[in-house]
1. Does anything in the stretch 276-308 have its amide N under 11 Å from the 7 Å Cα→Cβ label point of N219, and if so which residues?
2. Work out, step by step, the length gained on full extension between T205 and N272: first 0.36 nm times the residue separation, then minus their alpha carbon distance; give nm to one decimal.
3. How high is the FRET efficiency from T167 to A96, r the C-beta distance, R0 51 Å, rounded to 0.05?
4. How high is the FRET efficiency from D186 to A233, r the C-beta distance, R0 30 Å, rounded to 0.05?
5. Would you mind ranking S321, S200, S67 by Cβ crowding within 10 Å, fewest neighbours first?
6. If only Cα atoms are counted, what is the Rg of the stretch 189-327, and what is its Dmax, in Å?
7. If Lys and Arg each add +1 and Asp and Glu each add -1, what is the summed charge of the other residues whose beta carbon sits under 9 Å from the beta carbon of S268?
8. Can you give me the distance in nm between label points at T327 and A265, each placed 7 Å from the Cα along the Cα-to-Cβ direction?
Amino acid sequence: MQTVIHRWPALGLLVLVLATIADAQPQCILQTGVIGGSTGGGTFQFVSCPSPLMAGVGACPAGQYVSELNPDAGPTCSTPAGGSGAPSDGEYVTYASNAALSAERVLTSGTNTTVDLSVSGQARVNFSGTIGNASISDLATSKLTGTITNAQLASSYSGVGACGGGTFVSTINANAAPTCTAAGSDPWTRVVTTGDTANSTTTPTAVTGLTLAVAASTNYVVRCQLVTSAAAATTGVQLTLTGPASPTALTWTRRSCSSTTAIRAFQSNSYNADAATASAGTTRCIDEVLVTLRNGSNAGTLGFNLASEVAASAATVHIGSWCERITF
């Protein structure tokens, strides 16, 4: 028991607390006293009981949150999951590179870029610059609805090209490259003289530009047209067929002019001379020569030697004469 005297001189009061009694609940306090003064006196009592339901009220530390409220209103504090920040291995779109992140996608603003993040809170498409190269995927799932000006579009058609002379496009490959195939090729091999060969002697000389290579053990058909003339109609243009030794079989014929109005014929089964004794003179004539050769084991060339029947009188094979061969 405690005795406490309180004085209030201004009010002329004297308060005497006779007893302080604790009840069964330590939180409650019963107080009794008397009041005395010049005008009279009296007694008073009051009980002060703090509520046990709100005794634990409080706040969580920084970085924690209230995960549960206890019966006395005290909070149970918990730390948010995820540690001290965002996971470093997550994928983020950022405006600038961040050393704490490992998988961010940095978008740089400015001209010539697709996305401009210079304005806070928004991402804008920026076409203010010139885009030099735009890639187009063949796996695109949407279409372009805008306009690209002065763009050089990268394409998967990297093989676009042309075929060379004498060929045509038979197949277009995946990258647009053409497969070029030769057009129907000529099976004949042909030679043509580009100048005159003249001989004013009786000694044979090779006709320039009228030789054809022949392989061993191969069969050939040869046909020729020779433009010939002589210094006089009484001078024969003599031709000798030349070729590899020991052919398996050889047959050749010649049709030539014996005058300006007559044709003569010659044929042989060996490499020898057609001893012509007349010609169309200075009038040019077409000589036709046909050869069938079953060549033996010797490769070589077929050709012609030219001689004049009369010495000091020229015989000529002119430019534009030709021969061609084919195998069989």
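Just so you know, all these numbers are worked out from the coordinates, no wet-lab data involved. All of these numbers come straight from a predicted model, not from anything done at the bench. All Cβ positions, even for glycine, are placed from backbone atoms using ideal geometry, and neighbour counts span all protein chains on display.
1. 293-295
2. 22.8 nm
3. Here the calculated transfer efficiency is 0.35.
4. For D186 and A233, the calculated efficiency is 0.20.
5. S67, S200, S321
6. Just the Cα atoms of the stretch 189-327 yield Rg and Dmax of 14.3, 43 Å.
7. Counting the neighbours of S268, the net charge comes to 0.
8. Placing both labels 7 Å along Cα→Cβ, they lie 3.1 nm apart.
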